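One structure below.
Derivation of every value follows stated rules applied to the coordinates shown; laboratory data play no part. The shown structure was predicted, so the numbers you read here are calculated from the model rather than taken from an experiment. For neighbour counting, all protein chains shown are included, and Cβ atoms are generated from backbone atoms with ideal geometry for every residue, glycine included.
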Amino acid sequence: MGVIRKSLQLVGRRKKADVECLLDTGASSSFIRPDLVRALGLSTADLPKPARIQLGKGSTQVSQIAAITIRLNGATLADTAYVMPGLTEEYVLGAEFLQRYDIRLDPKRHRLLLPPKRRLSLILV
């Protein structure tokens, strides 16, 4: 497992912002705070029925997902994250996102290992 904090540019309908993100291979999905969703003007959708998310010390219920656009290394990437009230981090990118774009973490050196820019640009969703 690996965890890295990085500032990434998120783009919404209202504005774009550099956000301190937690990239976490131990999180299966991505999660975002509701206040950040509102501030950026991100598109959201209600889940057909609320989902229970298992956390380290219990579980919480979520009822929405948000569509997120990330600018990284000259490429525009898409993610879908559960909107999670009470989340301590602004945005957590989980293993699903990391695997989709073949992004690896080097926690020892606190860096992301990205595929070549040409290949990263070809996987746009």
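Remarks
- At R0 = 22 Å, FRET efficiency that the Cβ-Cβ distance of Gln99 and Ala39 yields, to 0.05: 0.20
- Approximating the spin labels as points 7 Å out from Cα along Cα→Cβ, the Thr76-to-Leu47 distance works out to 2.9 nm.
- For segment 96-112, backbone phi angles converted through the Karplus equation (6.51, -1.76, 1.60; θ = phi - 60°) give residue-by-residue couplings of 4, 5, 4, 5, 4, 9, 6, 9, 10, 9, 10, x, 4, 9, 6, 9, 9 Hz, Gly and Pro being listed as x.
- Residue-averaged 222 nm ellipticity for the chain, from DSSP H runs of 4+ at -39500 (n - 2.57), nearest 500: -3500 deg cm²/dmol
- Full extension of the segment from Ala67 to Lys6, taken as 0.36 nm per residue of separation minus the current Cα-Cα distance, would add 20.0 nm.
- Evaluating 6.51 cos²θ - 1.76 cosθ + 1.60 at θ = phi - 60° for every residue in segment 43-50, the Karplus couplings come out as 6, 10, 9, 6, 6, x, 8, x Hz, glycine and proline recorded as x.
- Considering the chain, its Cα convex hull presents a mean projected area of 7.6 nm².
- Per-residue ³J(HN,Hα) for segment 67-79, Karplus 6.51 cos²θ - 1.76 cosθ + 1.60, θ = phi - 60°, Hz, x for Gly and Pro: 8, 10, 10, 10, 9, 8, 6, x, 10, 9, 10, 10, 9
- Length-normalised contact order of segment 1-84 in % [C-alpha pairs under 8 Å, at least 6 apart]: 30 percent
- Long-range HN-HN contacts of Ser30 with modeled amide H, under 5 Å: Tyr82, Gly94
- Other-chain or far-sequence residues with amide H under 5 Å of Cys21's (modelled H): Lys6, Ser7, Leu8
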